[in-house]
Every structure is written in structure tokens, then in C-alpha cells.
């Protein structure tokens, strides 16, 4: 099931399918290792509900839902 | 051997720690020309002819972020002899991604794999020799925190320089891309050095605007190349830049399992457990509030406050250093003006600033602990949603907090904000928060003008609310101007593992911050203090006077006090007090004291409360308070703004903006407020017009915002 990363449930594991967005945003996301084919684990949301914390390539990243909207994912394990 | 080497690496890779351990005290901290990015330069302790330049922490060499552009420009144009690429061994994949790009610059690279102690503790294994083969460059294992491996690292750097280096491509892209790259290389070969040819060819393929600008290709050639790239992009259904990025990561992924053997029995990391509490949905915010309260309580109220009071009252107080110097000067029959300039001017002025040193020491120490432990990143995580609304990020919180103590560390804390425009914005606005030295002004106005009134208790909280509101309003207004709009960059940040800060690292952090502060007190503040002392103690005929009403400062004040008439306090005493406040905000109350004929007043100026109420109405006094809270900060803070901005132009823009805002807001408060007391004239209309303009600037649509989202 395809969806964007900002909608992924906490505790779910996903695979990145596509990264889009304006060039600087897209490049920055990909520079941080968010490349199609990469596994992402959704760890938690900040206490106020945004941004989100994800685990990717063994490191923890935090990004805003507005930016996560650019990342299309396939959920492989529901949280 | 004379050499110039650069340090390049991801943020949080231990780059600063390595730089400090390589250079020790032999470093110079400044800014990259014209921007707010810090530049550190030094030479290696035992090899004085090796210069080290610490590049900003970066994840990539893209053309989109200021830090990355600075780094690549330096590497490409300044021709360093060697790049030391510091790599966080516990985070190999993303760190080596930068390595793939550094190698392509054609400059010899030595990889320093850091955090070997963490690797060992986790029982993981890194095969450095395999990484060395993979990237075709020397690899040294280090633990920067414990200064382990530095000698081997320097030896490897010297060796590569002595033996010479020829560039060989490391990452080979897919056949189709390589074919295009070699075609592009053929087209541009006359324009670039041989060792940079591949770099530029790849950049042209990526359609990198900065590189295309540097190359300045023939129109025909560039059209030809673009046509080929676009055809390829259409075929692959992705842009060329992303295709290259993907292949870089693919290159690393092919190797990483062979060079990094992870301990299979992975225990749940300590960081994970700490985060479960500190960023917990329910506990996160309360814990944050407690930590901030403690920072504030320890540095401003208790430990730092007590030490600052000691310095101010005992060392620089009447019975301290001034009495000592006075006694000594009297014993040698020194001229009275010398006594004046030394004791009142220099010791008084510089002392007022140095008095804050203990508070700043505690503040910097606690801030350093929060930063190095990794909690600072969590604060940004917790608070981002609140600040996002105003176009700021979670990291804006710290400069604001610091500024309630002193604007100088506040402005310096803006350094931690990632994006240049946001950083500038924070540097310009953070001093709107009432600092410790402004508190006496608040106490004076609240006591003199609102004593016994039902709103007296509101004056102090209103000052803090005003500060916060001004920062938010300024951010909203400025973001709609071209100079601040710029590219929208995503907020994506690493949450580093928690770790105990090292004593050495903290000592370094605090020492360097304090050093630059003391240096300022010794130079610019010293000079300014002498000048103000002279202006307030001499008359136009250059005779020393005892009545401050006859001083140059007083007559100048009388000349220009009309400027402040529209704000409701166009009297020369208030004007002079405002100007001496630029030296140090503590001066405002003490100047009033002197001008109203008291040699010495208490901190809140209780002695002059009655006299003050003759020259002010409650409304005009509040306008005076507001102006002094948000106009340009003291000289020491202005000097800090200049240092952090790294540009004279931006320093003037900052001061100009602050003064303009102060004048406008005070005018609106006084003139529009006067309407409610039944006064209506031409100024009321101007006040209303300014209010409308202000509201327009706040609420007008932002034409620089991405509409696509």
C-alpha cells in the first residue's frame, strides 16, 4: 500500500518508493540517505504532534510532516 | 613542509573535537567573509607549518546550502594540499556518502574514522583496510575525544603529500551515466584542470547551477549537453541529480556490509531509553520546562547571579577597585581628570560589562552541557511546532532564553540555527528580550510611574511579552522581504546519540566564548567608556565641570531631544539617558540619577521616583521603557552582532531595524494611546497610519512562499 511518510503510523516499518519535491528539498532529503529502496522505521512524534522521528541507516533523524509529505513509502510492517 | 589541510565531515562527527585536539590553543576563530558561518583556522601543535582549516559541518557538496557551497568553493579554489575527512564510524553509510563527493574534487583525501571507542564498546568491527581499498586512500582510526590516533593521522597526511597523488575515480556510475559524463568531460576539457575535469563533468550532468556558472560554457555546447541529459532523465523518469545521489548510496551499500561488521546481539541503546523519557508525549514538555528553569535559575538567579553581584559590588563596587585606585591616585597627587577617566570612565564602564562574566560563565557551561550531551537537538524537536508557525525553527528558542540573561550570549547562541536567513533574523531580533541590565529600567518605570496603580505588577511581565511578540512580529515581517525570503529549506535534523560531555571539550567551549567577550570589554567598550565619560564631564570649552547639566552630552541632548517628542518624552534627560544606555543599559538609571542631581542611586532608582513623575506621564514613561527595551542594544552586544554577522552592512541593517522598530512601536503606543486620554491631533493620525502600515506588513501575503505546497 503506497502512502506518504507523514501518514505512516508510529512503530511501522516502510520502504521508500519515491522522493519528490523542489530540487533543494529533494536533494537534501536524499543527501540524508532517504533514497528509494531504503528502509525507514517510524519511531515517534514530538509531544506536540510534529515533527516526526525516524530511524534510517542506523541513525535517528527528525523531519517535519510537511517535508515527509515528499517521501512516498510502502508499509512493510504495521506498527 | 608548508602545508594547508582542511577538515571536512558531517555535523556531529567529532570534527570540532578533532580540530581542537590537533591545534590546541593555536587557533583563530572568525567568520567566512560576509556570512554568519564560523571559520576556524589554526596550525598543528607539533608542526607549526601545517595550517588546518575547519570547514563547516556538512552532509553533501550540493549547491543549495551556504555551508556546502563555502566548503566546496574552498576545496576547489583555494587548493588545499590534503582533505582530512572525518567519518563517524558508528554512522558509516551517511558519512561515507560525503566521502564519495570529497574524493571527486581531485584533492587527496585521508579518511579519519572517529569514535573507534564506541565501535569497540558495541563490539562492532570496522575493517579500515577494506575502506582504504574501497576509496583508494589512506584510512586512520581515531578517537578524537581521547586524542587517540592524531599522530598517525598527521603522519598519513604528510606521507600523501610527500609521495604525491594522482586522482583516480572511485565511484563508477552506471554505464549510461559514465558515457554521458565522458562526453561532457570532452566538451569542457579546455576549461578546467585535468584533476578537476571529472568533478565538473559530473556537476554539469547534475545540472549544478554553481558549477555551470563557473564554467560559463558556450551556448551551443550547453544546449547540446542539456538535450542529452534531458533525454536521459525522461528515459529514467528521475532528474539527473537524484540519479547520481542514488548511485552514490548504492556504491556505499554494495560495500558497507563487508567493511562494517555489526555485533549481532544488539542491545537496546541507552539513547533510546533516555529518549523514551525526555521526548515522551506527556513528560517531554514538563521535563523541558524544568531543565530550562534550572539553567535559568543557576546562571541568572543563583550561582551566576551571586558571583556577578560579588564582582559588581565587591570588586568594582565603591569600596573595591575604585577605592583602591582612588587612594593610590590621591597618594601620588594625580590630576583629577585622570582620576575621573580611570575610575569612573574605565573601571566603571568596563567593570559594568566584566561584572556579567560569572553569569556568562555559568550560562555557557550549562549551554555547553546541553549542546554536547545531545539534548539541544531534542529541544528543537520538542519545540519546533510552536516556532514553525512564525517561520522559525525549534532552535530559535535558545537565543531568546539566553538573551533574558544577556544579549551577548543570546546573539552568540544564534550560531546553532542551521539556516543563514533564520540565523541572521535571530541575531537581529534576539536582543528584544529584556536582558538583566534592562531590569532596573523596568523597575524604575514601574516604581516611579505606576506605583500603587492596579497595573503596576503588569509592567515587568509586559516587558517579556513585548520581547517575545517583537521577535515573532519581526520574523513575520522580515520573512516577506526578499533579503530574508531565500530558498525554503527543509527542517531535517539528526538526533545524535546522548553522551556525557567531556570536561576538556566543555572547558574549550567556555574558554573561547569568554575570551572573545573579555577581548571586547578590553577594546571597544574601553574606548566607548572613555568617550562617554569625557562627553559627560567636560563642557564645550573643554573645561572639566562638576554639574552634568553643562556637559557636552547634556547640550547635545538638549539639541536632539526633539527627535523623541513624538514618542512623548522629548526631554533632554531622557534623551541623554537613552544614549548612555547604548554603552551599557545599566547606565540609563544611573544617568537619570546624575542628571536629577543624585551622585548615587539604588538599582531601581527609588530616590528619583518623585522627580521623574514630573517629567513623564504614565503613558510617555511606558513609551520610554518600550523604546529602551527594543532599540539597539549596548555596544558590547552590537559588537557581538557584528562578529556573528561577519559583515558591516548587516550590522547596520540590524541596528537600523531595531531602532526603527523601537521608534515606530513607541510612537504608536504613545500617540494611539493618547487618543484614549482624549487627545487628538496630527500626530494621532501619524500614529494610526504607522499602526496600519505595521499591520499590513504583518498580514500581507508572502509572495516568496512556495505556492506549490
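Please return the ranges of helices (runs of 4 or more DSSP H) entirely within segment B:365-427 where 3 or more residues are within 13 Å of chain A (Cβ to nearest Cβ) and surrounded by fewer than 22 Cβ atoms within 10 Å (Cβ to Cβ). Give the derivation first.
On the way: elements: B:375-388, B:397-403, B:407-413.
Where helices (runs of 4 or more DSSP H) fall fully within segment B:365-427 and carry at least 3 residues being within 13 Å of chain A (Cβ to nearest Cβ) and surrounded by fewer than 22 Cβ atoms within 10 Å (Cβ to Cβ), they are B:375-388.
If I filter segment A:1-15 down to residues being in contact with a helix residue (DSSP H, G or I) (Cβ under 8 Å, 6 or more places away or on another chain) and in a strand (DSSP E or B), which single residue comes out as nearest to the other protein chains (Cβ to nearest Cβ)?
A:4
Restricting attention to segment B:640-668, which residues are closer than 26 Å to residue B:351 by Cβ and surrounded by fewer than 22 Cβ atoms within 10 Å (Cβ to Cβ)?
Passing the criteria: B:642, B:643, B:651, B:655.
Take residue A:56 and tell me if it is more than 13 Å from chain B (Cβ to nearest Cβ), within 27 Å of residue B:90 (Cα to Cα) and without any contact (Cβ under 8 Å) to a residue 60 or more places away in the chain.
Considered against the rule, which asks whether it is more than 13 Å from chain B (Cβ to nearest Cβ), within 27 Å of residue B:90 (Cα to Cα) and without any contact (Cβ under 8 Å) to a residue 60 or more places away in the chain, residue A:56 comes out as no.
Scanning for something part of a loop (DSSP other than H, G, I, E, B) and in contact with a strand residue (DSSP E or B) (Cβ under 9 Å, 6 or more places away or on another chain), does segment B:577-597 turn up at least one residue?
No, segment B:577-597 contains no residue that is part of a loop (DSSP other than H, G, I, E, B) and in contact with a strand residue (DSSP E or B) (Cβ under 9 Å, 6 or more places away or on another chain).
Looking at the structure I just gave you, is residue B:190 in a helix (DSSP H, G or I) and free of Cβ contacts under 8 Å to residues at least 24 places away in the same chain?
no
When the residues of segment B:104-123 are filtered to those that are within 14 Å of another protein chain (Cβ to nearest Cβ) and in contact with a helix residue (DSSP H, G or I) (Cβ under 6 Å, 6 or more places away or on another chain), which remaining residue is nearest to residue B:151 (Cα to Cα)? Let's see the steps before the verdict.
First, the residues of segment B:104-123 that are within 14 Å of another protein chain (Cβ to nearest Cβ): B:115, B:118-119, B:122.
After this cut, where a residue has to be in contact with a helix residue (DSSP H, G or I) (Cβ under 6 Å, 6 or more places away or on another chain) as well, the list is B:115, B:118-119.
On the way: B:115: 16, B:118: 20, B:119: 20 Å.
This residue is B:115.
Is it true that residue A:20 is at the interface with another protein chain (Cβ under 10 Å from one of its Cβ atoms) and either at pLDDT 95 or above or touching a strand residue (DSSP E or B) at 6+ places or on another chain (Cβ under 8 Å) (or both)?
Answer is yes for this residue.
When segment B:231-264 is examined, which residues are found to be farther than 25 Å from residue A:16 by Cβ and either in a strand (DSSP E or B) or free of Cβ contacts under 8 Å to residues at least 60 places away in the same chain (or both)?
B:231, B:261, B:264
Sort out which residues of segment B:281-294 are more than 7 Å from every other protein chain (Cβ to nearest Cβ) and outside any helix (DSSP H, G or I), and write them in order of number.
The answer is B:282, B:283.
Which one is nearest to residue B:64 (Cα to Cα), of the residues in segment A:23-49 that are away from chain B (no Cβ under 11 Å) and buried (at least 18 other Cβ atoms within 10 Å of the Cβ)?
Ranking the candidates gives A:40 first.
Mind checking which residues of segment B:194-230 are part of a loop (DSSP other than H, G, I, E, B) and free of Cβ contacts under 8 Å to residues at least 60 places away in the same chain?
Just the residues of segment B:194-230 that are part of a loop (DSSP other than H, G, I, E, B), to begin with: B:206-208, B:216-218.
Correct list: B:206, B:207, B:216, B:217, B:218.
May I ask you to verify whether residue B:469 is in a helix (DSSP H, G or I) and either within 29 Å of residue A:28 (Cα to Cα) or modelled with pLDDT of 90 or more (or both)?
It is true that residue B:469 is in a helix (DSSP H, G or I) and either within 29 Å of residue A:28 (Cα to Cα) or modelled with pLDDT of 90 or more (or both).
Among the candidates B:308, B:314, which residue alone is more than 14 Å from every other protein chain (Cβ to nearest Cβ), exposed (fewer than 14 other Cβ atoms within 10 Å of the Cβ), assigned to a helix (DSSP H, G or I) and modelled with pLDDT under 90?
So the residue among B:308, B:314 that is more than 14 Å from every other protein chain (Cβ to nearest Cβ), exposed (fewer than 14 other Cβ atoms within 10 Å of the Cβ), assigned to a helix (DSSP H, G or I) and modelled with pLDDT under 90 is B:314.
The values are calculated or read from the model by the stated rules, or taken from the named source; none is laboratory data. Remember, it's a predicted structure, so these values are computed and weren't measured experimentally. Note that we place each Cβ from the backbone using ideal geometry, even for glycine, and neighbour counts take in every protein chain shown.
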